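**Student:** After the structure tokens below, expect a handful of questions from me.
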Amino acid sequence: MIKRIIIALIFIYASVSYGLTSAKHSLSVLNTSSTRSRGMMGASFLIGNDSSSIFLNSSSLMGVLRDSINLNYTLTPDLQNEYIFNASYAHIGSSYAVGIGFAGEVNKIYSYDNLGARKNDIYNGLYLINVGAAYAITDNSFIGGNIKAVVNNSEKDNNFGMFLDLSYMQSLFTPNFKLGVGIRNFGFYDNVFGKIDTDVVASLAYTKSDSSFNVSVQYAISVPSVSHEISVGLEAMIVDFNKLGLFDSKSAWYDDLPESILDAPSAIQKRLSTKLPSGILARVGVGNKGASLGLSIYVNLFRLDYAIVFDNFSKDNISHDIGLSFMF
């Protein structure tokens, strides 16, 4: 255990050392998130439970119970001129996970000629393709990495950037307590992407085994701008459909296999036999950059998410997020 903690601390040190010579200022599409995470003010680095983990921390894909698809859309204060969305897919194996995500942010810009007459609207778009993988070093420690390609498109101009993420997470004392570290958004880019910060992230979380309660603390420092972000997120089941006997389904998919196989089920069999949470979950998040509230309805393989975010604690900067997640 001590050896693994030392490895994690070395990882943080290496991440900071690299970040100091890397990128500069944040680009929103690189920090793509899910509605669930937004409801916790982004404090979900260690508690990803669907394919959208590919955007946040690919190593947490190993905590996803089934293959999954996630869709998200953000309604911003300028919803008529700004369109933010993302989609992701993840495949979960016994000791590995792979995922792919696509995100976009499109802004409509009004243009005028020299006489002040209205011209055709200009659409400026940022598009992200994110490919990642995770590997289980042991039952309690996982490592992951991402490659992110970004295109900035405005009329006939296209600018391209390539970024990398690395992450490591480790269970402490029991599987319910987790420690994670990561470095995000370092790579190769032209002048358009020359002001991208590299983020060094550390997180500590407690997750109940049945997913009915999660609490997470997350800290990130962005270099070389040396800006800080800290957030705390809480998620709790307020109505449990499984305990009420609603929407109950068969959880053990291998009941009819020979008993010799049942004596020693594989990791993937254990994952697929785990009962999926069903119910209504509430979320709250707060940090130095704002506060948020969230609500989800889980029904076995399906989840509907909603979040309201108060960026910078301003009533004039409120956004709404809607998400859908499917497992199979």
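**Student:** Keeping all protein chains in the complex and leaving out DNA, RNA and ligands, what accessible area do you get for residue 308 with a 1.4 Å probe, in Å² to the nearest 10?
**Tutor:** Here the accessible area works out near 30 Å².
**Student:** Another question, if that's okay. Set the Förster distance to 45 Å, then compute FRET efficiency between residue 174 and residue 124 from the Cβ-Cβ distance, nearest 0.05.
**Tutor:** 0.40
**Student:** Now, a different point. For the range 138-231, with every protein chain kept in place, what is the accessible area per residue (1.4 Å probe, Å²)?
**Tutor:** 46 Å²
**Student:** While we're looking at this one, here's another question. Compute the signed sum of charges (Lys and Arg +1, Asp and Glu -1) over the other residues within less than 11 Å, Cβ to Cβ, of residue 110.
**Tutor:** Taking every other residue near residue 110 into account, the sum is +2.
**Student:** Looking at this model, which pairs from 208/275; 178/243; 178/275 are more than 23 angstrom apart at the alpha-carbon?
**Tutor:** Numbers: 208/275 14 Å; 178/243 27 Å; 178/275 21 Å.
The answer is 178/243.
**Student:** Could you please state how large a percent of the accessible area of the range 47-160 is carbon and sulfur, counting protein chains only and using a 1.4 Å probe?
**Tutor:** Answer for the range 47-160: carbon and sulfur cover 58 percent of the accessible area.
**Student:** With all protein chains present, calculate the accessible area of residue 46 using a 1.4 Å probe and round the result to the nearest 10 Å².
**Tutor:** 0 Å²
**Student:** Quick check: residue separation of residue 159 and residue 226 times 0.36 nm, minus the Cα distance between them. What number comes out in nm?
**Tutor:** Values: separation 67, 0.36 × 67 = 24.12 nm, distance 2.60 nm.
Between residue 159 and residue 226, full extension yields an extra 21.5 nm.
**Student:** When only alpha-carbon atoms are used, what values of Rg and Dmax, in angstrom, describe the range 273-328?
**Tutor:** Cα only, the range 273-328: 13.8, 46 Å (Rg, Dmax).
**Student:** Heads up, I need the accessible area for residue 177: 1.4 angstrom probe, whole protein in place, Å², nearest 10.
**Tutor:** Roughly 90 Å² of residue 177 is accessible to a 1.4 Å probe.
The values are calculated or read from the model by the stated rules, or taken from the named source; none is laboratory data. Since we're looking at a predicted model, the values are computed, not measured. Cβ coordinates were reconstructed from backbone atoms using ideal geometry, including for glycine residues, and neighbour counts include every protein chain displayed. Only protein heavy atoms, including side chains, enter the accessible area calculation; ligands, DNA and RNA are left aside. Shrake-Rupley method; radii C 1.70, N 1.55, O 1.52, S 1.80 Å.
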